[in-house]
Amino acid sequence: MNYEGHSEEVAARPPDVSTRGMFINTARNFPEGAVLNLKFLLSLSGVEIQTRCEVRYCLKGVGIGVEFVGISPEAVEDIEFEIELCAKQAKANKRS
């Protein structure tokens, strides 16, 4: 995640990701409306997503909710596939 020349590595879990945006756990505070350059790896499929995003809300000391801006159709498909994989994995874990 890059913002005004600063970069930070953060971990995000699949339930926190959708095709429209994600929640990012970070202690840093960002103003609402801040535009970030975001790069993240989908944990199950291993696909790297790069997009810009806009901060929609900030929970001080907890994290930020961002909406993807100008995300490619391919990246949206990759995220949809990741969500499907996560749902299938959760279902399989409930059966065991």
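Every read-out reported here was derived from the displayed coordinates using simple, explicitly stated rules and does not represent laboratory data. The structure displayed is predicted, hence computed values, not measured ones. Glycine also receives a Cβ, built like all others from the backbone with ideal geometry; neighbour counts cover every protein chain displayed.
Of all residues in region 20-70, which are under 12 Å from the mean Cα position of the chain (by Cα), surrounded by fewer than 19 Cβ atoms within 10 Å (Cβ to Cβ) and not in a strand (DSSP E or B)?
Once the filter is applied, which keeps residues that are under 12 Å from the mean Cα position of the chain (by Cα), surrounded by fewer than 19 Cβ atoms within 10 Å (Cβ to Cβ) and not in a strand (DSSP E or B), region 20-70 yields R20, S43.
Which residues, taken from region 32-77, are closer than 22 Å to A90 by Cβ and among the charged types (D, E, K, R)?
Passing the criteria: only E77.
Could you list, in sequence order, all residues of region 45-75 that are in contact (Cβ under 8 Å) with a residue 24 or more places away in the chain, out of contact with any helix residue (DSSP H, G or I) (no Cβ under 7 Å at 6 or more places or on another chain) and not β-branched (V, I, T)?
Q50, C53, R56, Y57, C58, K60, G61, G63, G65, E67, F68, A75
Just to be sure I understand, how many residues within region 21-34 are β-branched (V, I, T) and either touching a His at 6+ places or on another chain (Cβ under 8 Å) or within 9 Å of V66 (Cα to Cα) (or both)?
We begin by selecting, within region 21-34, every residue β-branched (V, I, T); these are 24, 26.
Going one step further and asking which of them are either touching a His at 6+ places or on another chain (Cβ under 8 Å) or within 9 Å of V66 (Cα to Cα) (or both), we end up with 24.
Counting residues in region 21-34 that are β-branched (V, I, T) and either touching a His at 6+ places or on another chain (Cβ under 8 Å) or within 9 Å of V66 (Cα to Cα) (or both) gives 1.
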